[in-house]
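**Q** Before anything else, here's the structure in question.
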Amino acid sequence: MLVFGNFMPGISAMSAVLQVENLRTHFFTKAGVVKAVDDVSFSIDKGQILGLVGESGSGKSMTGYSIMGLIDSPGRVIEGRIVLNGQDVTGYSAEQWRSLRGNRVAMIFQDPMMTLNPVLRIDTQMIEAITAHEKITREAARARCRNALSQVGIPSPDERLMAYPHQFSGGMRQRVAIAIALLNKPDLIICDEPTTALDVTIQGQILYEMQKLCRESGTALMWITHDLSVVAGLADSVAVMYAGKIVEQGGTAELLDHPLHPYTKGLLDSVPSRNVKGRPLKQIPGMTPSLLKIGNGCAFRERCMRRTNECEVAPPFTSPELNASHKVRCFHPHVSTEEALTA
Amino acid sequence: MSTSLLELKNISKRFEKKLDIAGRFARSLGAGLKEETVHAVDHVDLTINKGEVVGLVGESGCGKSTLGRVVVGLHQQSEGEKFWRGKNVAAMTADEKRAMQLEAQMIFQDPYASLNPRYRVENIIGEAPVVHGIINAKDKSAYVAEVMQRVGLDPALSRRFPHQFSGGQRARIGIARALAVKPNFLVCDEAVAALDVSIQAQVLNLFIKLREELNLTYLFISHDLGVVRHLSDRVVIMYLGRVVETAPADELFTQPNHPYTQGLLAEVPSLTVRKKDFVAIKGEIPSPLNPPTGCHFHPRCPHAASVPGNKCKTEQPLLKQIAVNRFSACHLNQ
């Protein structure tokens, strides 16, 4: 399976669309240094979908912004490499980034009302996205916009091109945002909670479009979400983030069926459908720590049932199981031998 | 029907946008302007029994929040009757009405917008019980501490302001405020939607615990079917202002009857389904300003074409009993 090659840099380096190595994005605030992204590594192959899961404040969006070169002061990418299609983009200038964004790599945000300019017609915004990156006549650009709109399932695209963002519903607006991301046929699309604000049936439609797109065009997707069940149906591999670090990473089925990290296990156990109806849910005690106050050691230790004195030191990112692609950052993971004993 | 706590009969809520003076003038000159009416809730019957947890599910704009507000009395219904403990609310004396309003409390979705930012927690929770004479003003601190403990907040934080709390703690403050006037019935409008997964489980557990301790009745409004399934005894599905199906929770989730319910359940992402092929319910949710004729769901329904005589387009299906305690509004059931 392609999935397993994903996490071994070197082996899949040639086919990887995106490789992130030891990325650190820190924010230098008056209150102290916030380590929003702290030593994050992963890679995505052509046509693959990576689900990046975490709660608010876990650094999942900042990881996406770092890859897009969108980190503003007081934040800075202080370490690490971002390799897009074999090209190291880490030290790019603002101009180089601009030629890359919306062209080779695109991003879709949570709130489509914030990403579309409310005073410009859809066609103006879409054509601009094309002409910014290549020399092309307006007619040809307009034709491409129309195709992109019909590709994401917007009926009567010619009329819709002439409309303003407020004339669209939430789901339609998100489709327009996706269509804009598709315009220049990017190699990678980063989706930051694109369906969180949408209704269930509309979410289903968007997931359908994205999945189709990935299969047909081979675009790689990075899907940032807090919802494990969306990732279960969509992604090839999953990375779970907690307090700026990836705490567990692996193939989707592997990770969801045999979670190793106590945090992943806690998240999965707290999903209502995994609990006996009407009985109290299994819950993770406490709340996400402030990124200013983690100190050394495992960030999850305050909420963890399995902590020992050992956890005061930062645990390494290892694969305790036979499957080398399933990695966890924990001294006391839920390994399968132990499951067999307790079962 | 002696056990029913609340009964809604044929309740409708319309919001009308009156023409302004320019609009009225233009109309008198022959412009085809009309007053716009939104049928947020359209002839809904609902009975909630004592001790029951009813889940109210629907997508945005289906009128579920409006119905919740009508239930607690924040909105006055445009049409229909409301019975509280078997008594018609319209015929109640002012005192009885006030007692009813205290008994039915609401918990709002947004734990940021629903708390007064300039009040200390002590006042947010303690104001209402003092005003309503449930406690004396001098006992306020002790009473607030008791309520805070009940919802899992540290009473030492009672002098703080809402912005000093996290989202999960704010949700708890909202719950504490509702509990402070000793209600029997809580309407929870998307009470956990804004919370992170691990915090959501904590708050849901609090709801389960409170129900057991205080013998509460809930109307649990949510778009999250997983949460509703876990908590509810009975589920009501709404679409564009109308109830399309009601059934005991287990039956609804195992054998949904209405095509909309079936579609909704198929769309819910699940942890057990891997790399699934997403198939979408086609079409958008229509605007409640101009709902489709007949069955509101017919433009999106996969079965609409197979019903003889174009009935789905012309005739509104009524909510009919299809099994014990199960009702569905669909022409396919005939």
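**Q** If you line up the long axis of helix B:140-150 against the longest principal axis of chain B, both from Cα atoms, how many degrees apart are they, to the nearest 10?
**A** 50 degrees
**Q** What distance in nm separates the simple spin-label points at residue B:4 and residue B:113, each placed 7 Å from Cα in the Cβ direction?
**A** Modelled inter-label distance: 3.3 nm.
**Q** Using the count of nearby Cβ atoms within 10 Å as a rough guide to exposure, how do A:43, B:12 rank from fewest to most?
**A** Lowest count first: B:12, A:43.
**Q** Here is a follow-up. Which pairs in the list B:9/B:64; B:9/B:87; B:50/B:97; B:18/B:282 are over 23 Å apart, alpha-carbon to alpha-carbon?
**A** Check vs 23 Å cut-off fails for B:18/B:282.
**Q** On alpha-carbon atoms, Rg over Rh for region B:184-334 using Kirkwood Rh?
**A** Across region B:184-334, the Cα-based Rg/Rh ratio is 1.00.
**Q** Could you state the principal axis extents of the C-alpha atoms in region B:240-310, from the largest down, to the nearest angstrom?
**A** 38, 28, 28
**Q** I've got another one for you. Of the options A:221, A:295, A:176, report the single residue whose Cα projects farthest towards the positive end of the charge dipole of chain A (beta-carbon charges: Lys, Arg +1; Asp, Glu -1).
**A** Checking the options against the dipole of chain A, the answer is A:176.
**Q** Among DSSP beta bridges lying fully in the protein assembly as shown, give the percent that are antiparallel, nearest 5.
**A** Of all bridge pairs located within the protein assembly as shown, approximately 60 percent are antiparallel.
**Q** Please state, as a whole number in µm²/s, the translational diffusion coefficient that the Stokes-Einstein equation yields for the protein assembly as shown at 4 °C and 1.567 mPa s, with Rh defined as the Kirkwood radius across alpha carbon pairs.
**A** The calculation lands on 47 µm²/s.
**Q** Suppose every Lys and Arg Cβ carries +1 and every Asp and Glu Cβ carries -1, with no other charges. What dipole size does the protein assembly as shown come out with about its Cα centre, to the nearest 20 debye?
**A** 1040 debye
**Q** Which ordering of B:216, B:102 is given by a fewest-first count of other beta-carbon atoms within 10 Å?
**A** With the sparsest Cβ surroundings first, the list reads B:102, B:216.
**Q** Any idea what the alpha-carbon Rg over 2.2 N^0.38 Å comes to for region A:118-183?
**A** Dividing the Cα radius of gyration by 2.2 N^0.38 Å gives 1.00.
**Q** Multiply the residue gap between residue A:323 and residue A:135 by 0.36 nm, knock off their C-alpha separation, and tell me the result in nm, one decimal place.
**A** 62.8 nm
**Q** Based on other C-beta atoms within 10 Å, arrange A:248, B:79, B:59, A:128 from fewest to most.
**A** B:79, A:128, B:59, A:248
**Q** Put a dot 7 Å past each Cα toward the Cβ at residue B:332 and residue B:34; how far apart are the dots in nm?
**A** 3.1 nm
**Q** May I ask you to list the aspartates and glutamates whose Cα is less than 20 Å away from that of residue B:138, ignoring any residue fewer than eight positions away on the same chain?
**A** Output for residue B:138: B:122, B:127, B:146.
**Q** Okay, next question. If you wrap a convex hull around the alpha carbons of chain A, what volume per residue comes out, as a whole number of Å³?
**A** It comes to 153 Å³ per residue, whole-number rounded.
**Q** Quick one: dipole size for chain B, taken about the Cα centre, charges +1 on Lys/Arg Cβ and -1 on Asp/Glu Cβ, in debye to the nearest 20.
**A** Its charge dipole is roughly 380 debye.
**Q** Lysine pairs in chain A with alpha-carbon atoms under 20 Å apart, 8 or more places apart or on different chains: how many are there?
**A** Taking the Cα cut-off of 20 Å, the pair count is 18.
**Q** Helix B:197-214 sits at what angle to the longest principal axis of chain B, using alpha carbons and giving 0 to 90 degrees rounded to 10?
**A** The angle comes out near 70 degrees.
**Q** Let me ask something else. Given the options A:305, A:222, A:107, state which has the largest fluctuation in a GNM of chain A using a 10 Å cut-off (strictly under) for Cα springs.
**A** A:305
**Q** Now for a different question. Could you calculate the FRET efficiency of residue B:325 with residue B:81 from 1/(1 + (r/R0)^6), where r is the beta carbon distance between them and R0 is 30 Å, rounded to 0.05?
**A** For residue B:325 and residue B:81, the calculated efficiency is 0.85.
**Q** May I pose another question? Just to confirm the number: angle between the C-alpha axis of helix A:122-131 and the first principal axis of chain A, 0 to 90 degrees, nearest 10?
**A** It works out to around 80 degrees.
**Q** Which whole-number percent of Cα pairs in region B:4-333 have a distance greater than 38 Å?
**A** Result for the distance tail: 23 percent.
Since every read-out is calculated from the coordinates, none of them should be taken as a lab result. On a predicted model such as this, the values are computed, not experimentally measured, just so you know. Positions of Cβ are generated from backbone atoms using ideal geometry, with glycine treated the same way; all protein chains shown enter the neighbour counts.
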